[in-house]
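Accompanying notes for the structure given below.
The values are calculated or read from the model by the stated rules, or taken from the named source; none is laboratory data. Given the structure is predicted, the values throughout are model-derived calculations rather than measurements. We place every Cβ from the backbone using ideal geometry, glycine too, and count neighbours over all the protein chains shown.
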Amino acid sequence: MNKRKSAALVLTLGLLASCQPGTGAAPYDDDTTFNGTKYYETVETRAKFDRQFERNIDEHLEGGHLNDAYWNTLEGVWQNDSSTRPHNGMNNRNLFYVEDGDETYLGFRGRGLYSRDADLRRTEDGQAYPEGAGIISKEKLVPGRYEIEMAAFPRYGGISACWTYLTETGNEATDQNEIDIEIGGHTDGETFKYFWATSWTTHSNKQTVDVDVSKILYLNDGNFHKYTFDWYTDYLDTDLGRVDWFIDGILVASVRGSLVTDKEMPLWIGLWFPAWTNNAVFDTDYMLMKSFTFTAFDETQYYNETRTNAGYTQTTPSEANIKTLPYSEVLNLNKLSNGDFETWDEVPLDGTHYGWEVPSSNKGEVKTVGLNGNQALALTSGEGRAYTRQKLEETYEGFKYDYSFDARLSDATSKGKVEIHYVSKLGKDITDPLVIDIEGTEMKNYKGSIVIPEKTRNLEFRIYGESGTTYVDNASMVYVR
């Protein structure tokens, strides 16, 4: 590679980028947007690849593990100064090899506010710190094509990210070099319609392109997609920088000019829970990586050498004790928190019972009781019906779920039901709910499937005890890919 510019400062990275959206952001407005893959496929008319470059990466988890030559695992916490949205950064214990037949994926486990896992860090009042996982390239990378094939983290509050980052001064106000793919940061109730593409050189010289990509996909659809950015420092002999972002080969965003760095940087991939996004209102879910490739551009795309090294705890993957789990555990994950009703304690941060809200319209008693050797939910009517609900946020038209729960009535005069409501962004039902009446005094399993109708943004799983006492256990909603 032609290193026509050079710089060297020996400093240690102490602060990771904030990744918040900048001002003046605008979607890429060329007529190629959402119009196919021709621009993606003709990249070498703009810059040839250097396929022999010694820092290229071709990671497909061959042999069922990460390549030690490419990566270190990453443990660290940054931007954890919010008392209302604490988090514990990234930890190796949340990295997993996920086996799917002959294929292996890298799983980044995200544990949210409703996780009851004993090994999570907690506040003095018992509130869990949400926690994710990450990896970092051993080498600093340069202009070229960066491509990750992943299934983004599908839950509100978690950020799936693939980014280059380096600060040479240790002060991001004067030096913050970064190019990002980010998914999950919106706070308007339609998080997964929007893709963030960001480019920084300092805190004030930055741009975030915030683009609605729902013409292509909803980003939490659970499927693997190919996310790409091409980083140029001399785009078409203009001596100007440019970054183009793609989803499944379709151009969705671009940033140009002085907003684009020319410094070599390590590549980071991970899942985390910053205070500037939504609360992590779930138990556990996963981001999955199938592959990552980096192919450098040739010497026409210059870069600036650096000697700054990334901080935080880094461990070679083979020494990181990464455990293995079957893909079925990810596929069949219950999206309802505390669906086994093994606790009815309140979560300090939001007052729910690990996801279950008892609204003011409740006129009875809602509690857990021992039933057949397990804990179950008992809803006993009083001045009116007993009632609890749990919301599944960011569910979009066409998504499919399998529901299941066990239930019975206390006696022949009791009445109870479960309702699944399809709720708009404004909190209104957009169609009639699915109503399942509970019958009989023997525990019975109720199950079925639903397809989300248009304009839905949230599901609500509601349980009612209308008269007498209704018992419910093992409530689940499983997303169907």
Query raised in the report: When you look at Asn171, is it under 29 Å from Glu394 (Cβ atoms), more than 14 Å from the chain's Cα centre (by Cα) and part of a loop (DSSP other than H, G, I, E, B), yes or no?
Result: no
Report task. Assess whether Tyr403 counts as being in contact with a helix residue (DSSP H, G or I) (Cβ under 9 Å, 6 or more places away or on another chain) and more than 22 Å from Asn362 (Cα to Cα). Result -> no
Query raised in the report: Is it the case that the stretch 262-276 has a residue that's outside the structural domain of Asp402 (by TED's automatic domain parsing) and under 30 Å from Asn474 (Cβ atoms)?
Result: yes
Requested in this report: Could you run through the stretch 212-245 and say how many residues are assigned to a strand (DSSP E or B) and either surrounded by fewer than 23 Cβ atoms within 10 Å (Cβ to Cβ) or of a type outside the set (A, V, I, L, M, F, W, C) (or both)?
Outcome: 9
Query raised in the report: Which of the residues spanning the stretch 186-207 are part of a loop (DSSP other than H, G, I, E, B) and touching an Asp or Glu at 6+ places or on another chain (Cβ under 9 Å)?
Result: His186, Gly189, Glu190, Thr201, Thr202, His203
Query raised in the report: Being in the same structural domain as Phe282 (by TED's automatic domain parsing), over 30 Å from Gln127 (Cβ atoms) and assigned to a strand (DSSP E or B), is that true of even one residue in the stretch 326-346?
Result: yes
Query raised in the report: Which one of these does Leu349 not meet: (1) closer than 30 Å to Tyr235 by Cβ; (2) not assigned by TED's automatic domain parsing to the domain that holds Gly107?
Result: (1)
Query raised in the report: For the stretch 167-222, which residues satisfy the criterion of being charged (D, E, K, R), touching a Cys at 6+ places or on another chain (Cβ under 7 Å) and under 14 Å from Phe153 (Cβ atoms)?
Result: Glu182
Query - Verdict on Gly126 being under 23 Å from the mean Cα position of the chain (by Cα), assigned by TED's automatic domain parsing to the domain that holds Tyr303, at positive phi and part of a loop (DSSP other than H, G, I, E, B) - result: no
Requested in this report: Specify the residue that is surrounded by the fewest Cβ atoms within 10 Å (Cβ to Cβ); the eligible residues are those in the stretch 111-151 that are modelled with pLDDT of 95 or more and of a type in the set (Asp, Glu).
Outcome: Asp119
Query raised in the report: If you check Thr198, Thr208, Thr238, which single one turns out to be free of Cβ contacts under 8 Å to residues at least 40 places away in the same chain and among the β-branched types (Val, Ile, Thr)?
Result: Thr238
Report task. Would you be able to tell me the number of residues in the stretch 274-295 that are modelled with pLDDT of 95 or more and within 18 Å of Ile181 (Cα to Cα)? Result -> 10
Requested in this report: Name the single residue, out of those in the stretch 296-330 being of a type outside the set (D, E, K, R) and surrounded by fewer than 14 Cβ atoms within 10 Å (Cβ to Cβ), that is modelled with the lowest pLDDT.
Outcome: Asn309
Report summary line: Scanning the stretch 186-201 residue by residue, the ones that are over 30 Å from Lys263 (Cα atoms) and modelled with pLDDT of 85 or more total 4
Report task. Mind listing just one residue for me: the one in the stretch 272-325 that is among the acidic types (Asp, Glu) and in a strand (DSSP E or B) and, of those, nearest to the chain's Cα centre (by Cα)? Result -> Asp285
Query raised in the report: Which one is nearest to Thr277 (Cα to Cα), of the residues in the stretch 173-211 that are buried (at least 20 other Cβ atoms within 10 Å of the Cβ) and of a type in the set (Asp, Glu)?
Result: Glu182
Query - Trp344, sole failed condition from (1) among the aromatic types (Phe, Trp, Tyr); (2) in contact with a His (Cβ under 8 Å, 6 or more places away or on another chain); (3) within 30 Å of Phe229 (Cβ to Cβ) - result: (3)
**Report entry** Subset of the stretch 423-453 [modelled with pLDDT of 95 or more, in a loop (DSSP other than H, G, I, E, B) and either basic (Lys, Arg) or more than 30 Å from the chain's Cα centre (by Cα) (or both)]
**Finding:** Lys428, Asp432, Ile438, Glu439, Gly440, Thr441, Glu442, Met443
Query raised in the report: What number goes with the only condition from (1) part of a loop (DSSP other than H, G, I, E, B); (2) closer than 30 Å to Asn92 by Cα that Asn362 does not pass?
Result: (2)
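Let's see how each residue does on (1) out of contact with any Asp or Glu (no Cβ under 9 Å at 6 or more places or on another chain); (2) assigned to a loop (DSSP other than H, G, I, E, B):
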position: Ser115; (1), (2): no, yes
position: Leu120; (1), (2): no, yes
position: Ile135; (1), (2): yes, no
position: Tyr146; (1), (2): no, no
Query raised in the report: If you check Ser381, Ser337, which single one turns out to be over 27 Å from the mean Cα position of the chain (by Cα) and hydroxyl-bearing (Ser, Thr, Tyr)?
Result: Ser381
Report task. Out of the residues in the stretch 56-79 that are in contact (Cβ under 8 Å) with a residue 60 or more places away in the chain and closer than 30 Å to Glu124 by Cα, state the one that is surrounded by the fewest Cβ atoms within 10 Å (Cβ to Cβ). Result -> Trp78
Query raised in the report: Condition test on Ser82, is it of a type in the set (Ser, Thr, Tyr), assigned to a loop (DSSP other than H, G, I, E, B) and buried (at least 17 other Cβ atoms within 10 Å of the Cβ)?
Result: no
Report task. Consider Leu251 carefully, then state whether it is modelled with pLDDT of 95 or more and among the aliphatic types (A, V, I, L, M). Result -> no
